[in-house]
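Visitor: One structure, as structure tokens, below. Some questions next.
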Amino acid sequence: MASKEANKIKFAGVDDGFFSIKVVDEEGNCTSIPSRAQHDVVFGEFGNDPDKSFIFETNGRKFTVDEGVPEPLDTRNLAQLYPLSDLNRVLVHAGLLAANFGGHDVQVTTGLPVRDYFLPSTLKNEALITQKVGNLEGEVRCGLNNELPVANIVKSGVCSEGIAAFVDLIIGMDGQPTDDAERLKNGLTAIIDIGGHTTDVAVLLPKMKISIKRSGSSSVGVLSLEDELQRVLASQFNTNIGNITKRQIEMAIHQGKVIIARKEVDVSDIVTAQKAALFERIVMAVNKTMGSDEDIENLIFVGGGAIVFEKQLTARYSQCLIPPQPEFANARGMMKLAKFIQQ
């Protein structure tokens, strides 16, 4: 007979972004994998937790989820909307497996960009939310011979990205209000989530009412830096844009160099220039959505872009807040929503 502990429902927040999948469990453990998969690619071994590499089958198609796949599917350009796609379903399950939820009953909360979660009337986009919940109900198998147990998603909820990060700031891991909860709930607060494909702005009025006129999403994010670097590096080295690989782009971003024809080349100046240009695009997108930030009492930046542009953000916006591990702020808030609110 299965123990009570084995049957206990676990809770997870899954920030299923275009750039990466972030998972937070009830103990606050954080797991991240790139949103990177390709059809019908086989490497040597799969199911090794440290490598976070898996083969999945869903809806009659096989996906290899691994940061090293040579031609990853572009989450921004799919036949289906990414939040409603087979790829999204597979990546969510890959994140849950990497976070050790395989074989367990789990209640999850995932997210949608602000512009997709809310209608212009400030009502929730219930049709899209229902479709996203339904998408995660699709059958998923894992392993070369379907031998790996996947997470059993017994219930899923959806929240607005950005708003989830606000929840993270006002509710502790124990479900109790944080020390900053009253100040944040009764102030004018802006959450700016710089993600992979979108920059979300959520302006919350006192008593936690969203200002829809000053909230929304722009299609600019960290992936835009990769796009621009690919274009500029291709021009710099006089080659076809397709010859500049994702691995080379990531090496440029993180190390300031690339290896071209087995020669190491310093491209740090190019990276610095492209980051500066993208930061200005993000600032303009935020200003277009939110307007002036002078009346904002609590200005909070989260998402992976808060790490990439930390120096620029703190220099541009006085007294702004970047919480610890800002890339996991939404996922932490989603876990708290799943466990304490969306019951």
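The values are calculated or read from the model by the stated rules, or taken from the named source; none is laboratory data. From a predicted model like this one, the values you see are computed outputs, not experimental measurements. In this analysis, Cβ positions are derived from the backbone assuming ideal geometry, glycine residues included, and neighbour counts consider all displayed protein chains. Each accessible area value is taken on the protein alone, full model and side chains, heavy atoms only, with ligands, DNA and RNA left out. Shrake-Rupley method; radii C 1.70, N 1.55, O 1.52, S 1.80 Å.
Visitor: How would you order 101-109, 139-147, 258-266 from highest to lowest mean count of nearby Cβ atoms within 10 Å?
Guide: So the order, starting with the most tightly packed, is 101-109, 139-147, 258-266.
Visitor: Over region 124-258, with the other protein chains present, what is the accessible area per residue in square angstrom, probe 1.4 angstrom?
Guide: Heavy-atom SASA per residue in region 124-258 reads 46 Å².
Visitor: Taking a ≥ b ≥ c as the square roots of the Cα gyration tensor eigenvalues, with a/c under 1.5 meaning rounded and otherwise prolate when a/b beats b/c, else oblate, which class fits region 262-343?
Guide: oblate
Visitor: Could you sort out which of 246/275; 22/246; 246/336; 207/336; 22/132 sit more than 25 Å apart by Cα distance in this structure?
Guide: Beyond 25 Å: 246/336.
Visitor: Restricting attention to region 183-234, which trypsin sites (Lys or Arg not before Pro) occupy a DSSP loop and are surrounded by at most 11 other Cβ atoms within 10 Å?
Guide: Here the sparse-neighbourhood loop sites are 207.
Visitor: Next question. So, with +1 on the Cβ of K and R and -1 on the Cβ of D and E, and no other charges, what is the size of the charge dipole of region 251-309 about its Cα centre, to the nearest 20 debye?
Guide: It comes to approximately 520 debye.
Visitor: Select from 257, 132, 22 the residue whose mean-square fluctuation is largest in a Gaussian network model of the chain (Cα-Cα springs shorter than 10 Å).
Guide: Among 257, 132, 22, the largest GNM mean-square fluctuation belongs to 257.
Visitor: Same structure, new question: Tell me, what ³J(HN,Hα) does each residue in region 167-184 have, in order and in whole Hz, if you take phi through Karplus 6.51 cos²θ - 1.76 cosθ + 1.60 with θ = phi - 60° and put x for Gly and Pro?
Guide: 4, 4, 7, 9, 10, x, 5, 8, x, 8, x, 7, 5, 8, 4, 5, 4, 6
Visitor: For the chain, what does -39500 (n - 2.57) per DSSP helix run (n ≥ 4), summed and divided by total residues, give at 222 nm, in deg cm²/dmol to the nearest 500?
Guide: -9500 deg cm²/dmol, from helical runs alone.
Visitor: I would also like to ask the following. Run down the aspartates and glutamates and flag those whose C-alpha is under 15 Å from the C-alpha of residue 185, throwing out any fewer than 8 positions away in its chain.
Guide: 168, 297
Visitor: Which whole-Hz ³J(HN,Hα) couplings does region 243-257 yield from phi under the Karplus relation 6.51 cos²θ - 1.76 cosθ + 1.60, θ = phi - 60°, glycine and proline marked x?
Guide: Calculated HN-Hα couplings, in order: 7, 8, 8, 4, 4, 5, 5, 5, 5, 4, 5, 8, 10, x, 8 Hz.
Visitor: Rounding to the nearest 20 debye, state how big the charge dipole of the chain is about its Cα centre with +1 on each Lys and Arg Cβ and -1 on each Asp and Glu Cβ.
Guide: 580
Visitor: Percent of accessible area on the chain owned by carbon and sulfur, 1.4 Å probe?
Guide: Within the chain, the accessible surface is 49 percent carbon and sulfur.
Visitor: Pull out a ≥ b ≥ c, the square roots of the eigenvalues of the alpha-carbon gyration tensor of region 123-210, then state rounded if a/c is under 1.5, prolate if not and a/b is larger than b/c, and oblate in the remaining case.
Guide: Prolate is the answer for region 123-210, as a/c is 1.5 or above and a/b outweighs b/c.
Visitor: Between residue 297 and residue 146, what length comes free when the chain is fully extended (0.36 nm per residue of separation minus the Cα-Cα distance, one decimal in nm)?
Guide: 49.2 nm
Visitor: By the gyration tensor of its Cα atoms, with a ≥ b ≥ c the square roots of the eigenvalues, what is the shape of the chain: rounded for a/c under 1.5, prolate for a/b over b/c, or oblate?
Guide: oblate
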